[in-house]
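Here the structure is laid out as structure tokens; the discussion comes afterwards.
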């Protein structure tokens, strides 16, 4: 089977800092990583390949430096990496991103074989929208299976797949058809370490680099800023509350007294709480 | 896989500043719609929260607020319609069909896009739940319109455009996003981000019924079963009245027990900030913040949490925020109401004990007598 995994290179959010005066993101020196949610998708794809045979292609759209993320994915054992990079993609919102990626996936299909499954992560840690996966599914007319916790079975001859899908209040057991798009839930597996062979192969591998034209995109008005119906009008830091937190004075007090002081301050501000807590907890 | 974080913020700002000319085919799009999420006979509370927010937008625009109810034929669907009116809808669009008994992407996308194309609202709001996000992405891509996910504030500006604000750059800044030249303008909002409006008993008003142009054989994906969550093991953070959460300041995974002990003593749910989930100290369903759960408890106690913006936007709806942190300059003290600068690992046992003492029925009886 052929599986395409869409990944994104993101800044390691734990290390992002905002410039205190200009309110801009200080990107310098912030290391980049593969979006952590995408690793669950990649591992699931690698497991399916190991069980059923075939190939895993990783695909990303991004600046030339996104090649690092692809090479990392190869070290985990992906068979092929495609980088979609072009200045026309700059400023893409979710709709324009799903357009470019779906065109690239179609081209991957033409060039390397039609995919049976396209995987994405549940969402990214920088955009957090969870909308690009569904967008790709709709544009490629793939069955859409989001928040998948487990792939229960795949029957390649019958083109059937059964999955467990996280939904509100429980798990749905769904039977659907290949080809499909799956967004993988977090915590469902753990990315493998990757073998030495894979590491060596990754270092030697040629990464396929496509511009918009290479990916067969003719209508550039659907790409980047021009192809994005949404417009960011303002970026700002949230305003602080007028007053800072009222502090409990900790000088020369025992822990016991401090605890009583804090509880008294809580119930002074929210008198109704005491009754409520006594009913729920306490005792 | 998304790019709400644009690489080039300045040109976007420039484009947004250009004079807006809504294309002719969108000029008759009017009114505000809220999708009512009905699953297994229950309306998700986020739908009522959105009706409250939709009411404000509709009043500012001087238009009507409509609820969209998609469900199976029968009582549950009509109960949802009645509730939508009680929470402020002026009218309801209803599709009753057996295919809409349980959520599946294909029939729901079809039902929603048909309604949108027929009745043409200017704004559509959905809950940013697993269901709402699955549906919103499909619908927006089908209609090729703009969708702003996980908004934390909604407003209409002077020329009537929806101004949707959401955290960006991993939650370190906020941005306001417009859908200038397309309709409807779509936005999702996470549960508990907006306040629950007052419920007022009202008769069912105007209802517009529509048919689903689809049969079961047109739907590829079949539901084989449903396994409800074990309610006792599952965190119900979003709707908890009291929440205690721990952050990196706890130092070691064992110290989480101190947070759990306090939570048990006061009948609270417990949770954590994002880094603890990333470290594998707690499961993802207990994460509080923009990428986890948004909470609106009456009391929130944050222990060893520095208070990054992505955490802040998830807890700001709490009535009372109490911060316990060793660092007097931690940003959490900028939005907490009460603070104490102290080593939480030493302080939490004393606090748990003090709460237990104060709340125990025995002591309360003594106080009352």
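Could you please let me know if residue B:292 is buried (at least 18 other Cβ atoms within 10 Å of the Cβ) and under 22 Å from the mean Cα position of the chain (by Cα)?
Numbers: buried (at least 18 other Cβ atoms within 10 Å of the Cβ): yes; under 22 Å from the mean Cα position of the chain (by Cα): yes.
The answer is yes for residue B:292.
Identify, from the list B:145, B:77, B:165, B:179, the residue that is surrounded by 20 or more Cβ atoms within 10 Å (Cβ to Cβ), at the interface with chain A (Cβ under 10 Å from one of its Cβ atoms) and in contact with a helix residue (DSSP H, G or I) (Cβ under 9 Å, 6 or more places away or on another chain). Steps first, answer last, please.
Working: B:77 fails: at the interface with chain A (Cβ under 10 Å from one of its Cβ atoms); B:165 fails: in contact with a helix residue (DSSP H, G or I) (Cβ under 9 Å, 6 or more places away or on another chain); B:179 fails: in contact with a helix residue (DSSP H, G or I) (Cβ under 9 Å, 6 or more places away or on another chain).
The conditions single out B:145.
Mind checking which residues of the stretch A:217-233 are more than 14 Å from residue B:180 (Cβ to Cβ) and free of Cβ contacts under 8 Å to residues at least 24 places away in the same chain?
Filtering the stretch A:217-233 down to residues more than 14 Å from residue B:180 (Cβ to Cβ) leaves A:217-224.
Passing the criteria: A:218, A:219, A:221.
Please report, ordered by residue number, the helices (runs of 4 or more DSSP H) entirely within the stretch B:264-369 with at least 3 residues that are more than 10 Å from chain A (Cβ to nearest Cβ) and in contact (Cβ under 8 Å) with a residue 24 or more places away in the chain.
Numbers: elements: B:274-278, B:309-315, B:332-335, B:344-359, B:361-368.
Here the list reads B:309-315.
Do we have residue B:69 as in a strand (DSSP E or B), without any contact (Cβ under 8 Å) to a residue 60 or more places away in the chain and buried (at least 24 other Cβ atoms within 10 Å of the Cβ) here? Let's see the steps before the verdict.
Details: in a strand (DSSP E or B): yes; without any contact (Cβ under 8 Å) to a residue 60 or more places away in the chain: yes; buried (at least 24 other Cβ atoms within 10 Å of the Cβ): yes.
Yes; evaluated as a whole, the condition is true for this residue.
Residue by residue, here is whether (1) more than 7 Å from every other protein chain (Cβ to nearest Cβ); (2) loosely packed, with under 13 Cβ neighbours inside 10 Å; (3) farther than 30 Å from residue B:153 by Cα; (4) out of contact with any helix residue (DSSP H, G or I) (no Cβ under 6 Å at 6 or more places or on another chain) holds:
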position: A:210; (1), (2), (3), (4): yes, no, yes, yes
position: A:230; (1), (2), (3), (4): no, no, no, yes
position: A:236; (1), (2), (3), (4): no, yes, no, yes
position: A:243; (1), (2), (3), (4): yes, yes, no, yes
position: A:246; (1), (2), (3), (4): no, no, no, yes
position: A:251; (1), (2), (3), (4): yes, yes, yes, yes
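Of everything in the stretch B:241-263 that's assigned to a helix (DSSP H, G or I) and without any contact (Cβ under 8 Å) to a residue 60 or more places away in the chain, which residue is surrounded by the fewest Cβ atoms within 10 Å (Cβ to Cβ)? Before you say what the answer is, go through the steps one by one.
Here is the first cut: in the stretch B:241-263, the ones assigned to a helix (DSSP H, G or I) are B:248-250, B:253-263.
If we keep only those that are without any contact (Cβ under 8 Å) to a residue 60 or more places away in the chain as well, we get B:248, B:253-254, B:256-257, B:260, B:263.
Values: B:248: 16, B:253: 13, B:254: 10, B:256: 17, B:257: 12, B:260: 14, B:263: 22.
Of everything passing the filter in the stretch B:241-263, B:254 is surrounded by the fewest Cβ atoms within 10 Å (Cβ to Cβ).
In the stretch B:94-105, what residues are within 18 Å of residue B:129 (Cβ to Cβ) and part of a helix (DSSP H, G or I)?
B:100, B:105
Could you list, in sequence order, the residues of the stretch A:25-46 that are more than 8 Å from chain B (Cβ to nearest Cβ) and at pLDDT below 85?
Filtering the stretch A:25-46 down to residues more than 8 Å from chain B (Cβ to nearest Cβ) leaves A:26-34, A:37, A:39-46.
Listed by number, the residues that qualify are A:26, A:27, A:28, A:29, A:30.
Name every residue in the stretch B:34-47 that is in contact with a helix residue (DSSP H, G or I) (Cβ under 9 Å, 6 or more places away or on another chain) and surrounded by fewer than 24 Cβ atoms within 10 Å (Cβ to Cβ), in order of residue number.
Filtering the stretch B:34-47 for residues in contact with a helix residue (DSSP H, G or I) (Cβ under 9 Å, 6 or more places away or on another chain) gives B:34-44, B:46-47.
Of everything in the stretch B:34-47, those that are in contact with a helix residue (DSSP H, G or I) (Cβ under 9 Å, 6 or more places away or on another chain) and surrounded by fewer than 24 Cβ atoms within 10 Å (Cβ to Cβ) turn out to be B:39, B:40, B:41, B:42, B:43, B:44.
For the stretch A:113-120, does any single residue satisfy the condition of being within 7 Å of chain B (Cβ to nearest Cβ) and over 24 Å from residue B:228 (Cα atoms)? Before you say what the answer is, go through the steps one by one.
Of all residues in the stretch A:113-120, those within 7 Å of chain B (Cβ to nearest Cβ) come to A:120.
From what is left, the residues that are over 24 Å from residue B:228 (Cα atoms) are A:120.
Checked against the condition, which is being within 7 Å of chain B (Cβ to nearest Cβ) and over 24 Å from residue B:228 (Cα atoms), the stretch A:113-120 yields at least one hit.
Out of curiosity, is residue A:129 in contact with a strand residue (DSSP E or B) (Cβ under 6 Å, 6 or more places away or on another chain), within 30 Å of residue B:225 (Cα to Cα), in a strand (DSSP E or B) and facing chain B (nearest Cβ under 7 Å)?
Details: in contact with a strand residue (DSSP E or B) (Cβ under 6 Å, 6 or more places away or on another chain): yes; within 30 Å of residue B:225 (Cα to Cα): yes; in a strand (DSSP E or B): no; facing chain B (nearest Cβ under 7 Å): yes.
Considered against the rule, which asks whether it is in contact with a strand residue (DSSP E or B) (Cβ under 6 Å, 6 or more places away or on another chain), within 30 Å of residue B:225 (Cα to Cα), in a strand (DSSP E or B) and facing chain B (nearest Cβ under 7 Å), residue A:129 comes out as no.
Yes/no per residue for (1) modelled with pLDDT of 95 or more; (2) at the interface with another protein chain (Cβ under 8 Å from one of its Cβ atoms); (3) closer than 15 Å to residue A:94 by Cα:
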| residue | (1), (2), (3) |
| --- | --- |
| B:140 | yes, yes, yes |
| B:156 | yes, no, no |
| B:192 | no, no, no |
| B:195 | no, no, no |
| B:210 | yes, no, no |
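Do the conditions hold for residue B:230, that is, is it within 13 Å of chain A (Cβ to nearest Cβ) and surrounded by fewer than 11 Cβ atoms within 10 Å (Cβ to Cβ)? Steps first, please.
Numbers: within 13 Å of chain A (Cβ to nearest Cβ): yes; surrounded by fewer than 11 Cβ atoms within 10 Å (Cβ to Cβ): yes.
The answer is yes for residue B:230.
Would you pick out the residues in the stretch B:320-336 that are within 14 Å of residue B:299 (Cα to Cα) and under 23 Å from the mean Cα position of the chain (by Cα)?
The first filter runs over the stretch B:320-336 and keeps only residues within 14 Å of residue B:299 (Cα to Cα), leaving B:320-324, B:335-336.
Scanning the stretch B:320-336 gives B:320, B:321, B:322, B:335, B:336.
Taking into account only those residues within the stretch A:138-189 that are assigned to a loop (DSSP other than H, G, I, E, B), closer than 30 Å to residue B:274 by Cβ and touching a strand residue (DSSP E or B) at 6+ places or on another chain (Cβ under 9 Å), which is farthest from the other protein chains (Cβ to nearest Cβ)? Steps first, please.
Kept after step one, since they are assigned to a loop (DSSP other than H, G, I, E, B), are these residues of the stretch A:138-189: A:141-142, A:156-159, A:168-169, A:178-179, A:185-189.
Keeping just the survivors that are closer than 30 Å to residue B:274 by Cβ gives A:168-169, A:185-189.
Checking the rest, the ones that are also touching a strand residue (DSSP E or B) at 6+ places or on another chain (Cβ under 9 Å) come to A:168-169, A:185-188.
Numbers: A:168: 5, A:169: 6, A:185: 9, A:186: 6, A:187: 6, A:188: 11 Å.
Restricting to residues being assigned to a loop (DSSP other than H, G, I, E, B), closer than 30 Å to residue B:274 by Cβ and touching a strand residue (DSSP E or B) at 6+ places or on another chain (Cβ under 9 Å), the top hit is A:188.
Go through the stretch A:26-65 and report how many residues are surrounded by fewer than 21 Cβ atoms within 10 Å (Cβ to Cβ) and under 29 Å from residue A:236 (Cβ atoms).
Selection size over the stretch A:26-65: 11.
Consider the stretch A:77-92. How many of its residues are more than 23 Å from residue A:130 (Cα to Cα) and crowded, with 23+ Cβ neighbours inside 10 Å?
2
Return yes or no: is residue A:214 more than 24 Å from residue B:39 (Cβ to Cβ), in the same structural domain as residue A:56 (by TED's automatic domain parsing) and without any contact (Cβ under 8 Å) to a residue 40 or more places away in the chain?
Details: more than 24 Å from residue B:39 (Cβ to Cβ): yes; in the same structural domain as residue A:56 (by TED's automatic domain parsing): yes; without any contact (Cβ under 8 Å) to a residue 40 or more places away in the chain: no.
So residue A:214 fails the test.
Within the stretch B:148-162, take every residue that is assigned to a loop (DSSP other than H, G, I, E, B) and touching a residue at least 40 places away in the same chain (Cβ under 8 Å) and give me the one that is surrounded by the fewest Cβ atoms within 10 Å (Cβ to Cβ).
At the first step, the residues of the stretch B:148-162 found to be assigned to a loop (DSSP other than H, G, I, E, B) are B:152, B:157-161.
Narrowing further to those that are touching a residue at least 40 places away in the same chain (Cβ under 8 Å): B:152, B:159-161.
Details: B:152: 20, B:159: 9, B:160: 15, B:161: 20.
Within the stretch B:148-162, the match that is surrounded by the fewest Cβ atoms within 10 Å (Cβ to Cβ) is B:159.
Among what's in the stretch B:106-133 and is in contact with a helix residue (DSSP H, G or I) (Cβ under 6 Å, 6 or more places away or on another chain) and assigned to a helix (DSSP H, G or I), pick the residue that is nearest to the other protein chains (Cβ to nearest Cβ).
My answer is B:109.
The values are calculated or read from the model by the stated rules, or taken from the named source; none is laboratory data. Source: prediction; values computed, not measured. Positions of Cβ are generated from backbone atoms using ideal geometry, with glycine treated the same way; all protein chains shown enter the neighbour counts.
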